[in-house]
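The values are calculated or read from the model by the stated rules, or taken from the named source; none is laboratory data. Keep in mind that this is a model prediction, so the values were computed, not measured. As a convention, Cβ positions derive from the backbone with ideal geometry for all residues, glycine included, and neighbour counts pool all protein chains shown.
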Amino acid sequence: NKPGGEFLYVREAEAYLGMCRRWRDIPKPTIAAVQGACIAGGLMLAWVCDLIVATDDAYFSDPVVRMGIPGVEYFAHPYELNPRIAKEFLFTGNKMGVERAYQMGMVNQISSRDTLMTDVTALATKIAAMPRLGLALTKQAINNVEDLQGKRQGMDAAFAWHHFAHAHNDVVSGDKLGGF
């Protein structure tokens, strides 16, 4: 438990970035079932899943720019959305409704609250009928392509900027979250 930013950096690297990467790298396909608000940490948990099924009243938000921080620790914004939409999403802090998230390719399927788990189970059952090795290799191949396109390095850089912002907020206001 060292003084300064080292402890916070190491803890968040493990608790947020590391955990998200381990979930992303699970060999079996994962499906996020999103109902209602999916904000900040919830967004990170949904994004590490391979597929997202969301209710028709779902919305997505990453409001941490308001804290002076450049997005959540698992910075997948320019990969989940195109870069211009990612900038708008972060710069404005606006909620993104499920219809727009679907149009942007962030959500795979829209469901109702009444049928969400039935729809997710049906999708999971269909996927589970596929050969396990084929699924694992396909997932690994797609994740590898994303990383070759810079996803992992971009996240590492964004995570460092995230912690610079925490340090800045702490010095300026005494509050790592910038008074949020």
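Odds and ends about this structure:
- Every test in (1) within 28 Å of Asp147 (Cβ to Cβ); (2) assigned to a loop (DSSP other than H, G, I, E, B) is passed by Ala124 save one, and that test is (2).
- Checking the stretch 153-163 against the condition returns a match, with at least one residue being assigned to a helix (DSSP H, G or I) and modelled with pLDDT of 90 or more.
- Residue match in the stretch 101-116 (condition: farther than 19 Å from Ala32 by Cβ and either crowded, with 17+ Cβ neighbours inside 10 Å or at pLDDT 90 or above (or both)): no
- The condition of being out of contact with any Phe, Trp or Tyr (no Cβ under 7 Å at 6 or more places or on another chain) and closer than 28 Å to Ala124 by Cβ holds for only one of Phe91, Phe60, that being Phe60.
- Those residues of the stretch 50-91 which are without any contact (Cβ under 8 Å) to a residue 24 or more places away in the chain and surrounded by fewer than 17 Cβ atoms within 10 Å (Cβ to Cβ), in sequence order: Asn82, Pro83, Arg84, Lys87, Glu88
- Test for Leu8: is it in contact (Cβ under 8 Å) with a residue 24 or more places away in the chain, under 20 Å from Ala157 (Cα atoms) and in contact with a strand residue (DSSP E or B) (Cβ under 9 Å, 6 or more places away or on another chain): no
- Just so you know, in the stretch 124-154 the residues that are among the basic types (Lys, Arg) and surrounded by fewer than 12 Cβ atoms within 10 Å (Cβ to Cβ) include one that is nearest to Cys20 (Cα to Cα), and it is Arg132.
- Within the span defined as the stretch 26-41, one or more residues are of a type outside the set (D, E, K, R) and in a helix (DSSP H, G or I).
- Scanning the stretch 22-49 for residues that are of a type in the set (D, E, K, R) and without any contact (Cβ under 8 Å) to a residue 24 or more places away in the chain yields one hit, Arg22.
- Flag for Leu133 being touching a residue at least 12 places away in the same chain (Cβ under 8 Å) and farther than 14 Å from Ala32 by Cα: no
- Among residues of the stretch 171-180 being over 21 Å from Tyr74 (Cα atoms) and in contact with a helix residue (DSSP H, G or I) (Cβ under 8 Å, 6 or more places away or on another chain), the one that is modelled with the lowest pLDDT is Gly179.
- Top-ranked residue of the stretch 56-103 - restricted to ones that are of a type in the set (D, E, K, R) and part of a loop (DSSP other than H, G, I, E, B), ranked as nearest to Phe164 (Cα to Cα): Glu73
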